[in-house]
Amino acid sequence: MKKILTIGCLAFSILGYSQQSSTPEYLGLPGDNLNLYALLKLFRNAPSPVAFQDALNRPSSLVNNLDLNNDGVVDIIRVIPLSGSMSRMLVLRTAINANESQDIAVITVSLIAKDRAQVQVAGDPLLYGKEYIIEPNYETGDDHADSVKLQKQYKANTTLRNGEAMNEQYTSTYGVAQWPVVKALFGQELTDLPAATGAPLAKPYYWHQYYAYHFNWYHEYYSQYRRWSFHRLATWKEQYVAAPPASSTFVANRIRSGGYMETYSKPEKAIDGIILFNQKHPELAAGAKVPADPR
């Protein structure tokens, strides 16, 4: 009976779905189906690059929901490591067909001292738009001369969600250097990662279901991570271009033709995202909320 009432209340909330002005949760691009805030959290908690790749491709992680090649199956993402003298890059790439691949995002970790590191994840412009960069909420004075101004701008734009204030949690560059995956990246010579394991074929969710699931993590995402406007690694472009990057004509044409917009065609699926959240996190279910449509 309790379950029926809960679902009924959720359904009633869905009927009240309201249109809002555009927010950072909605891009209208394929990148909407790989939340980079969730990705950075997954990276932070991984003990190694291999473990990160496996977790990213594990359907139960509910982070990767991309189907760029339109085959009805969530894409397998390969993590490609690149080494610099004081930096490491992890290029996230997926095969589109026999002839093309597409880069999805690039994680950059740079040492600014022996015991200090900075990390960013940058979405590919084709999938996320120009300069879509996510990083930890660094402590003021611990990152860049413009940090005070940029943090105030970021706070004004993203710390209120549905009228609820976020409680920022700041990370120091000393703290980032202690992340297990960061220590692993610099503690040994980087080699090509093996193919992702534990990645059974999974059907992608419609975006409203995927978004509604992650909506109940946004307090954590926005309190610990933020948008940023530039790459902190001065040689980012040169190091990445040397990879070289992979860009798919198939993906570009599908974006241009509106082929990826079908993912937004089932707003009623949001209730399934909340039910999924409640099933996976019963200890948090009582506080789960149905989001308004951010498009």
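Listing for the model above:
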| read-out | value |
| --- | --- |
| Residue match in the stretch 178-185 (condition: at pLDDT below 90 and surrounded by fewer than 18 Cβ atoms within 10 Å (Cβ to Cβ)) | no |
| Verdict on Gln151 being modelled with pLDDT under 75, over 30 Å from Glu100 (Cα atoms) and not hydroxyl-bearing (Ser, Thr, Tyr) | yes |
| Hits in the stretch 59-89 (condition: free of Cβ contacts under 8 Å to residues at least 40 places away in the same chain and over 17 Å from the mean Cα position of the chain (by Cα)) | Asp71, Ser85, Met86 |
| Positions within the stretch 45-78 being in a helix (DSSP H, G or I) and in contact with a Ser or Thr (Cβ under 6 Å, 6 or more places away or on another chain), in sequence order | Asp54, Ala55 |
| Flag for Gly72 being at pLDDT below 85 and surrounded by fewer than 17 Cβ atoms within 10 Å (Cβ to Cβ) | no |
| Residues located in the stretch 91-140, provided they are in a loop (DSSP other than H, G, I, E, B) and in contact with a Gly (Cβ under 8 Å, 6 or more places away or on another chain) | Asp124, Gly129, Tyr132 |
| From Thr249, Thr191, Thr235, residue being out of contact with any His (no Cβ under 7 Å at 6 or more places or on another chain), surrounded by fewer than 17 Cβ atoms within 10 Å (Cβ to Cβ) and at pLDDT below 90 | Thr191 |
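Table: residues versus (1) of a type outside the set (A, V, I, L, M, F, W, C); (2) closer than 26 Å to Ile80 by Cβ; (3) surrounded by 15 or more Cβ atoms within 10 Å (Cβ to Cβ).
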{"residue": "Ala202", "(1), (2), (3)": "no, yes, yes"}
{"residue": "Ser229", "(1), (2), (3)": "yes, yes, no"}
{"residue": "Ala242", "(1), (2), (3)": "no, yes, no"}
{"residue": "Arg254", "(1), (2), (3)": "yes, yes, yes"}
{"residue": "Ile274", "(1), (2), (3)": "no, no, yes"}
{"residue": "Glu283", "(1), (2), (3)": "yes, no, no"}
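The values are calculated or read from the model by the stated rules, or taken from the named source; none is laboratory data. All values derive from a computational prediction rather than experimental measurement. All Cβ positions, even for glycine, are placed from backbone atoms using ideal geometry, and neighbour counts span all protein chains on display.
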